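Student: Below are the structure tokens for one structure; questions will follow.
The numbers here are math on the coordinates, done by the rules we state, and not lab data. Model, not experiment: these values are computed from the prediction. Don't worry about glycine lacking a Cβ; one is built from the backbone with ideal geometry, like all the others, and counts go over all protein chains shown.
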Amino acid sequence: MMFRRSFLALGASALLLAGCASLTQAPPLPPIVFVHGNGDTAALWQTTLWRFESNGWPRERLYAINHPYPLARDDDSKEQPGRSSTAEHMAFLKAEVDKVLKATGASKVVLIGNSRGGNAIRNYIQNGGGDKLVSHAILGGTPNHGVWSLKGFREANEFAGTGPFLTALNAPKNAAGDEVTGPVQWLTIRSDNNDKFAQPDGLWIGMAGKPTGVTAAGPELKGATNVVIPRIDHRETSYSPAAFEAAYRFITGQAPRTQGIVPEAAPVLNGQITGLGVNPADPKTGNFSNNLPLPGAQLEVYATHPTTGERLGAAVHRKTVGADGVWGPFTAQTGQAYEFVVSAPGYATTHIYRSPFARSSALVHLRPERIADADRDAQALVSFVRPRGYFDPARDRMSLDGKAQLPGVRPGAGDASAKLKLADAAMRTVTGEFNGERVAGRTWPVAENRVSVLELTY
């Protein structure tokens, strides 16, 4: 209505210019670079990218980077196989931003990071020239003042609030004592009290009953816009609909049309198969997460029944991946659930069951598992995982195999997976449910070196 009244008031002269004005195009939306957290993968940004796309953001201006060694060193100053330093993390981010700027022709990017990803963003802006190339920086759950802040305790670690890395980042930048580097616009998103890495008690870092020296407000930064969202967990500070809404509003100055995900016909899926350890092809090099491709891994994809997890015929896609680990592309059927079967030497054949994919994604990364010696006594193993958040028994409606108590999931929002060990080798349906999302799969015999994974999308 305001536009209509203004238009009428302009009179006839404005009409002469209207045709010219209509030719003026809005500036292109800025490219966004998403930076995952410690030990994580670009795949966690899948639903966030879908939400941006559902609000008109071009897919080609959304980039989620995948650090090859995503885990931080125990001591940032010392080499540690399979782990990255703060300097290496920043250098990787800087190189990726340069690629995005070159590909898009943009002069600046928006950076959005979860947890450790925010450390790299802050370091790049303050020490890597990013202050000239970044318009907005958004940090979800980043432990800006440490996961712990105790004088003399593990201060060489990048997550130590009293250590050299965070102390330098948090040093006042002006007379007001701001902790952020300008002229970048800064937003932090945190939980009110439910972030496992912003707790006064050290339960979630192996120090139960001992003070950490940090509080729920630890992720906030002086000089930034600081948003608090009740009851969200550490990962939900970035990957939840509420976190998306806060980020979108901060970048654009207006609310998104929807926090939901607009379905897309015939989604095209792709991603990488990655492994574990320093060298994913060698089990002797460790069992920790990496984002390195697993050449030679084999993939089969099956359409499955939504309530039983049973296969609906032969494989709809097969591939032995090459040096890049890329397993697709594969065009999925709208509304169809799938089983992804990954096999590789040194790994268990891993049957991953997923909900239907709402939209296309090149971030459907897959990782086979290894069976721990302690689990070899089971007849069947089923993991129920929530990559983009944690299980909170006090907050969430959830069940695994019909039981509300998920095995191994403790009170609070600190566990993102549950493992079901079955004494019966007979193959059957097993179902995981979480706040309305339901994933059905099948059990497989441990004796055949097989495991099942029920992976939540939301």
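Student: So what's the back-of-envelope 222 nm ellipticity for the chain, counting only DSSP H runs of four-plus at -39500 (n - 2.57) apiece and dividing by all residues, rounded to 500?
Tutor: -5500 deg cm²/dmol
Student: In whole Å, largest first, what are the principal axis extents of the Cα atoms in segment 32-252?
Tutor: 48, 40, 37
Student: If we count other beta carbons within 10 Å of each Cβ, what is the order of 250, 384, fewest first?
Tutor: If I rank by nearby Cβ atoms, fewest first, I get 250, 384.
Student: With +1 on each Lys and Arg Cβ and -1 on each Asp and Glu Cβ, how big is the dipole of segment 268-455 about its Cα centre, in debye rounded to the nearest 20?
Tutor: About 220 debye.
Student: Right, another one. List every residue whose amide H lies under 5 Å from the amide H of residue 360, counting only residues 5 or more places away in sequence or on a different chain, with H placed 1.01 Å from N in the peptide plane.
Tutor: The answer is 268.
Student: Could I ask something else about it? Which residue, 111, 126, 288, has the largest displacement toward the positive end of the dipole of the chain when charges sit on each Cβ (Lys, Arg +1; Asp, Glu -1)?
Tutor: Value: 111.
Student: Per 0.36 nm of contour for each residue apart, how much would the distance between residue 437 and residue 103 grow if the chain were fully extended, relative to their Cα-Cα spacing?
Tutor: Fully extending the segment from residue 437 to residue 103 adds 116.6 nm.
Student: For the chain, what is the charge dipole size about the Cα centre, in debye to the nearest 20, if Lys and Arg each add +1 at the Cβ and Asp and Glu each add -1 at the Cβ?
Tutor: In debye, rounded to 20, the chain gives about 780.
Student: Follow-up. Cα centroid distance between segment 389-458 and segment 133-208, in Å?
Tutor: Rounded to whole Å, the Cα centres lie 33 Å apart.
Student: Over the Cα atoms of segment 297-347, what radius of gyration and what Dmax do you get, in Å?
Tutor: Computed over the Cα atoms of segment 297-347, radius of gyration and Dmax are 11.9, 36 Å.
Student: Taking the beta-carbon count within 10 Å as an exposure proxy, list 191, 107, 399 from fewest neighbours to most.
Tutor: With the sparsest Cβ surroundings first, the list reads 107, 399, 191.
Student: Placing one identical point scatterer on every Cα of the chain and ignoring solvent, what is log10 I(q)/I(0) from the Debye formula at q = 0.13 Å⁻¹?
Tutor: -1.26
Student: Can you find, among 391, 404, 379, the residue sitting farthest towards the positive end of the charge dipole of segment 351-458, where Lys and Arg contribute +1 and Asp and Glu -1 at Cβ?
Tutor: The Cα lying farthest towards the positive end belongs to 391.
Student: Quick check for me: using +1 on Lys/Arg Cβ and -1 on Asp/Glu Cβ, what's the dipole size of segment 115-217 about its Cα centre, in debye to the nearest 20? Before the final figure, lay out each step's value.
Tutor: Values: 9 positive and 8 negative charges, 30 e Å.
So the dipole magnitude of segment 115-217 works out to roughly 140 debye.
Student: HN-Hα J couplings of segment 183-197 from phi, Karplus 6.51/-1.76/1.60, θ = phi - 60°, integer Hz, Gly and Pro as x?
Tutor: These are the phi-based 3J(HN,Hα) values: x, 4, 8, 10, 9, 10, 10, 9, 7, 6, 7, 10, 8, 4, 9 Hz.
Student: Still on this structure: Within segment 334-355, what residues put their amide N at less than 13 Å from the label point 7 Å along the Cα-to-Cβ vector of residue 429?
Tutor: No residue passes the distance filter.
Student: State the Cα centre-to-centre distance between segment 341-372 and segment 239-295 in whole Å.
Tutor: 14
Student: Most exposed first by the Cβ proxy, i.e. fewest other Cβ within 10 Å, how do 354, 116 rank? Intermediate results must be reported in sequence, preceding the final value.
Tutor: Values: 354 21, 116 27.
The fewest-first ordering by Cβ neighbours comes to 354, 116.
Student: Identify the residues of segment 45-77 with backbone N under 13 Å of a label point that sits 7 angstrom from the Cα of residue 156 along the Cα-to-Cβ direction, or state none.
Tutor: Residues passing the 13 Å test: 73-77.
Student: If amide hydrogens are placed 1.01 Å from N in the peptide plane, which non-local residues have theirs closer than 5 Å to the one on residue 37?
Tutor: Residues meeting the amide H criterion: 114, 117.
Student: Between residue 320 and residue 377, what is the label-to-label distance in nm when each label sits 7 Å out along the Cα-to-Cβ direction?
Tutor: 3.9
Student: Once phi is turned into θ = phi - 60°, what whole-Hz ³J(HN,Hα) does the Karplus curve with 6.51, -1.76 and 1.60 give for every residue of segment 222-236, x standing for Gly and Pro?
Tutor: Karplus-based 3J(HN,Hα) across segment 222-236 equals 5, x, 9, 7, 10, 10, 10, 10, x, 6, 5, 9, 4, 6, 5 Hz.
Student: Sticking with this structure for a sec: Which one of 414, 365, 430 is farthest out on the positive end of the charge dipole of segment 347-431, using unit charges on Cβ (Lys, Arg +1; Asp, Glu -1) and the Cα centre as origin?
Tutor: 365
Student: Just check segment 268-455 against the gyration tensor rule for me: Cα atoms, a ≥ b ≥ c as the square roots of the eigenvalues, rounded for a/c under 1.5, and otherwise prolate or oblate depending on whether a/b exceeds b/c.
Tutor: Numbers: a/c = 1.42, a/b = 1.17, b/c = 1.21.
Rounded is the answer for segment 268-455, as its axis ratio a/c remains below 1.5.
Student: Please state the shape class of segment 368-458: rounded when a/c is under 1.5, otherwise prolate if a/b exceeds b/c and oblate if not, all from the C-alpha gyration tensor.
Tutor: Prolate is the answer for segment 368-458, as a/c is 1.5 or above and a/b outweighs b/c.
Student: Follow-up question, since we're still on this one. Based on Cα positions only, what radius of gyration and what Dmax would you give for segment 204-311, in angstroms?
Tutor: Over segment 204-311's Cα set, Rg and Dmax evaluate to 20.9, 54 Å.
Student: Can I ask one more? Rounded if a/c is under 1.5, else prolate if a/b beats b/c, else oblate: with a ≥ b ≥ c from the C-alpha gyration tensor eigenvalues square-rooted, which is segment 86-167?
Tutor: It comes out prolate by the Cα gyration axes.
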